[in-house]
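Reviewing the structure listed below.
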Amino acid sequence: MPEGPELHLASLYVNKMCEGLVFSGAVEKSEVNKNPEVPFCCDAYCIKAHSRGKEVRLSLTPIKNDDDGKRKVTKHQSQQPMDVVFRFGMSGFFRFTSVDDLPKHAHLRFYTNENPRRVLSFEDTRRFGSWHPNGTWQKDRGPCVMFEYESFRENVLSNLSDKTFDKPICEALLNQKYFNGIGNYLRAEILFRLQIPPFVKARTVLEGLVLKDEDKNKVKKEITVVESTDKTGKKVVKAETPDLLSLCHTVPLEVVQLGENGYAPAKGKYSVLQAWMRCYSVDGMNSLGDHNGRTIWFKGDTGPLVPKGAKSRKIMWKRQKDDHDYTDSKKAKKTRTDSIAKAKPAKKKENIKVKKENATSKTQNASKRPKKNTEKINAAPADENKPKTRGKRSSKVPPKTGKNTIKSQRVEEEIKTKRNSVACRKSATKGMPSVF
């Protein structure tokens, strides 16, 4: 989710792309988006962006020429400037392309007055972002942690009695009323640098801080500098250890210093930002879900206010490598496939041995079963003088029987049963007395 540094970088991107350009026509909105229409239409206007915390404001200003007083203006033409305030949601960002390369999820479009025309669009894949025509900064949001540091610090320390600070510090840091611009990955990085457990009460962490009277130049630096004298009498420059509120100011500015390479959603590159991170989604760190269902990354103790039944959430970012890296990963894959290929013939031999053992066990089980009577029955009387070889056959070897011999046996058995039935009838009729 874009946080304070990303929205500030977005405003810098808009100012860079739109510098010296003239826009014209109506502002278009996509049909599928549920945000309101922007009722602004002008023959010539310019765009300038400004950020504050997690909001970006686009100022649409009409460009007036000397001929404008003589020319008749239609009712639909906007003569007054308009501010449109954006909140990026989960996936919003600005993009400047040609009309032919208009992105699929471009939900608000500003067209240039040139040929071929180009377009500045607000792209939002998940549609959680919003915009507000004639909007202002949201009243419930506090001062910006990056560019209104003195007001931000005073706002926090003067409201420590608020119920927000009864919550764990990791959850209080996401409250935009006091920490405007801090998001999920920034809170993890700030708490990690100070080794503060995430589920400690926020008030206990902030009560010891004193509101400092700092100059604007010193505020912009990462660490305030204090001069002191050592035993030899020489002046030594010492650096004060930063507190939680000062890191809420300096850590986002570090991300801004990374530039657009840190967070470039249009290009799909996050490798620079990932390399900068020390805690968020880093191997070896712990993760738990807070009371709001957000994942907090940390190291060490959790603190006493851990939610009941909280479980670890190992949701890792896929670490991106440079395109020219063909060393470690590809070599490992080759060695792995080669080892598997060599092991395959050995597996086949083992399978053959197992099949042979199964076949021998089946024949032994078949020999132990009771034998069926497969003895041949001849229609002609048996020769009494012929020696009987039935007992000499081995019990282990089953007799050879084919389909033809089995059929002949069935025919002979049927003939024999018919003869026996006829003989029984004759004997029965002989014993009966004659009626006539």
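Couple of notes before you dig in:
- Verdict on residue 38 being assigned to a loop (DSSP other than H, G, I, E, B) and either closer than 30 Å to residue 252 by Cα or aliphatic (A, V, I, L, M) (or both): yes
- Total residues in segment 119-139, condition free of Cβ contacts under 8 Å to residues at least 40 places away in the same chain and over 11 Å from residue 87 (Cα atoms): 5
- Segment 248-271 residues that are among the hydroxyl-bearing types (Ser, Thr, Tyr) and part of a loop (DSSP other than H, G, I, E, B), paired with ones that are at pLDDT 60 or above and open to solvent by 40 Å² or more (accessible area, probe 1.4 Å) (beta carbon under 8 Å, 6 or more apart): 263/270
- One residue alone among 48, 29, 34 is in contact with a strand residue (DSSP E or B) (Cβ under 7 Å, 6 or more places away or on another chain) and more than 27 Å from residue 145 (Cα to Cα), and that residue is 29.
- Failed criterion for residue 38 (all others in (1) touching a helix residue (DSSP H, G or I) at 6+ places or on another chain (Cβ under 8 Å); (2) at pLDDT 95 or above hold): (1)
- Residue 115 fulfils the conditions (1) touching a residue at least 12 places away in the same chain (Cβ under 8 Å); (2) in the same structural domain as residue 17 (by the TED database) except for a single criterion, (1).
- The residues of segment 178-190 that are open to solvent by less than 10 Å² (accessible area, probe 1.4 Å) and part of a helix (DSSP H, G or I), listed by number, are 186, 187, 188, 189, 190.
- Subset of segment 82-94 (residues that are modelled with pLDDT of 95 or more and open to solvent by 20 Å² or more (accessible area, probe 1.4 Å)): 83, 87
- Total residues in segment 141-167 satisfying the condition of being within 33 Å of the chain's Cα centre (by Cα), closer than 19 Å to residue 3 by Cβ and open to solvent by 40 Å² or more (accessible area, probe 1.4 Å): the figure is 2.
- Test: residue 94 is in contact with a Phe, Trp or Tyr (Cβ under 7 Å, 6 or more places away or on another chain) and hydrophobic (A, V, I, L, M, F, W, C): yes
The values are calculated or read from the model by the stated rules, or taken from the named source; none is laboratory data. All values reported here derive from a predicted model rather than from experimental measurement. Backbone-built Cβ (ideal geometry, glycine too); neighbour counts: all protein chains shown. Protein only, heavy atoms only, side chains kept; ligands, DNA and RNA dropped before computing areas. Shrake-Rupley method; radii C 1.70, N 1.55, O 1.52, S 1.80 Å.
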